Amino acid sequence: MIIDKVLLDSSAVAFSVDTNETDIPMPNLLKAAIIQLGVSIDTAAGSARAAFVSTGSYIEQEYQLAKQEASEWLANGKDEAAIPSSVSDHMAMFGVGAEASATEIVATAEQWEQALATIRSARLGGKSAVRSAETIEAAEQAAQAAIAQLKAIRPPEGSL
């Protein structure tokens, strides 16, 4: 494994260390590998999350707001004279009625929330397995398994 950065002591750092061709003590290498592999898992989790939302900044917050508005509108009697903007925007985009739009918004948000929980579980479980590893090879295997699991988490075709 190539480790980007290994802390040797409080003031010395080695960069681009090949774990097979170094005399740096194993505890230092393992600690650095665990950090680097954790970042790789976090990056894979970010890609998994991104697969569930449109690209752009603050899209997740937009989804949360739309869900809140749609849920409240549905719970408060579906007043046709007080359709929230998130619901009317959905109506215009997809050509469906207010109730169908609100229901779709809520269902989409719930899919997103379930995906977040699944991604979080895979991410934290993977990082835990990496941290528990006693060798660099075991840490790499744990990270690869977690990353593969995260890469498999994608929305069903045609959803969201």
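Extension gain, residue 134 to residue 43: 0.36 nm times the residue separation minus the Cα-Cα distance gives 30.5 nm. Where Lys and Arg each count +1 and Asp and Glu each count -1, what net charge lies around residue 113 among other residues with Cβ under 12 Å from its Cβ? Local charge sum for residue 113: +1.
Relative contact order, whole percent, for the chain stands at 27, derived from Cα pairs under 8 Å and 6 or more residues apart. Electrostatic bookkeeping for residue 95 treats Lys and Arg as +1 and Asp and Glu as -1; over the other residues with beta carbon under 15 Å from its beta carbon, the sum is -3. 3J(HN,Hα) along region 25-39, derived from phi through the Karplus expression 6.51 cos²θ - 1.76 cosθ + 1.60 where θ = phi - 60°, amounts to x, 3, x, 5, 5, 5, 4, 5, 5, 4, 4, 5, 5, x, 5 Hz, with x in place of Gly and Pro. If you find the alpha carbon centre of region 1-76 and of region 85-116, how far apart are they in angstrom? Comparing the Cα centres of region 1-76 and region 85-116, I get a distance of 30 Å. Non-local amide H neighbours of residue 3 (under 5 Å, H modeled in plane, Pro and chain starts lacking H): which ones? Answer set, sorted by chain and number: 17, 18, 19. Projected label points at residue 62 and residue 76, each 7 Å from Cα along the beta carbon direction, are separated by 2.3 nanometres. Summarising the amide proton neighbourhood of residue 8: residues at separation of 5 or more, or on other chains, whose placed amide H is nearer than 5 Å comprise 13, 14. Annotation: for a label point projected 7 angstrom from Cα along Cα→Cβ of residue 22, residues of region 34-48 with backbone N closer than 15 Å are 34-38. Taking θ as phi - 60° and the Karplus parameters 6.51, -1.76 and 1.60, the scalar couplings of region 3-8 work out to 9, 4, 8, 10, 7, 8 Hz in sequence order, x denoting glycine and proline.
Within the set 5/31; 127/151; 31/151, which residue pairs have Cα atoms separated by over 18 Å? The pairs that break the limit, which is 18 Å between Cα atoms, are 31/151.
Any read-out appearing in this document is the output of simple, stated calculations on the displayed coordinates, not a laboratory observation. All values derive from a computational prediction rather than experimental measurement. A quick note on method: Cβ atoms are made from the backbone with ideal geometry, for glycine too, and the neighbour counts reach across all protein chains shown.
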